[in-house]
Amino acid sequence: MLKNTTKKYGSVARAFHWSVALLVLAMLPLGFLMNSPSAYITHKSIGLIILMVMIGRTFWRLTNPSPSHHDLPSIFRLAAYVTHLGLYITILTMAFSGWMMSTASGHPPRFLGKIELAMPHIPLNKTLAKLAHETHEIVVWGLISLISLHILAAIYHHFIRRDKVLSSMLS
Ligand code: HEM
Ligand code: HEM
């Protein structure tokens, strides 16, 4: 089924989850190890794809019920809610700050190496570029911490607590 139920994520949410997970996990080493022009083009293009997918995903998330895992203690559900919200915020911040720094420093992304896509309403401005760059460098550590916590939680639920949390995100 396409839509979520109160027990399982639907196929749309699962496609959003696993595609963004894969792309973001690829972007981390790519970002830290970037040294050639083609690595920059790839990083910026994938970053824009993540941004577009995340905007659609946020809309889907806000207009759909989510599995509520009512069998879990409420402190677990609160921890999951806070972590998931943090993941949405840090991913969106990474994509926006990356796009803003590139545009404000005069190196707007050339999507797939061709179509130049500057961020709308962003001027050439060194201070703004520096601010966006620092945001990108700091927020990535929040993202990495949340992803680590998130994956450890998935392992804990599946292998130690042996509940249905991981299977709610698998078909
Ligand atoms: C979720 C999306 C993104 C993730 C996870 C990500 C991750 C990273 C990481 C880990 C770094 C290395 C940071 C460091 O050296 O401290 C980096 C650098 C960079 N990112 Fe991203 N990025 C994302 C989106 C974007 C987007 C959309 C753009 C531009 C359109 C972009 C442009 C850049 C640039 C230009 C650098 C190099 C900055 C420098 O020269 O130090 N990123 N990114
Ligand atoms: C092997 C890696 C991963 C596993 C096993 C995994 C597993 C899961 C599971 C089981 C859920 C459902 C949790 C619940 O219903 O309470 C979930 C949700 C979520 N995951 Fe992951 N995940 C992984 C990687 C990632 C990564 C890398 C990201 C971020 C880039 C991410 C972001 C999210 C978000 C934002 C949610 C909330 C679902 C929503 O409402 O959209 N996950 N994940």
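The numbers here are math on the coordinates, done by the rules we state, and not lab data. Note that the coordinates shown come from a computational prediction; the quantities given were computed from them, not determined experimentally. With ideal geometry, Cβ positions are generated from the backbone for all residues, glycine too; neighbour counts draw on all protein chains shown.
Charged side chains reduced to their Cβ positions (Lys and Arg at +1, Asp and Glu at -1) give segment 11-169 a dipole of some 200 debye around its Cα centre. Cβ-to-Cβ counts within 10 Å put Thr63, Thr58 in ascending order as Thr63, Thr58, the fewest first.
Cross-link partners for Lys44 among the lysines, with Cα-Cα distance under 16 Å and sequence neighbours closer than 8 places in the same chain left out: Lys114.
For an R0 of 41 angstrom, estimate the FRET efficiency from the Cβ-Cβ distance between Lys3 and Ile144 and round to the nearest 0.05. Working from the Cβ atoms, E equals 0.85.
Taken along the Cα-to-beta-carbon direction at a fixed 7 Å, the label points for Ala154 and Lys114 span 3.4 nm. Listed by chain and number, the lysines whose C-alpha is less than 22 Å from the C-alpha of Lys164, apart from same-chain residues fewer than 8 away, are Lys3, Lys7, Lys8. Relative to its Kirkwood radius, the Cα radius of gyration of segment 9-153 gives an Rg/Rh of 1.01. Modelled this way, with points 7 Å down the Cα-to-C-beta line, the labels at Asp163 and Leu85 are 1.9 nm from one another.
Counted residue by residue at 0.36 nm each, then reduced by the alpha carbon distance between them, the extension gain from Val12 to Thr58 reaches 15.4 nm.
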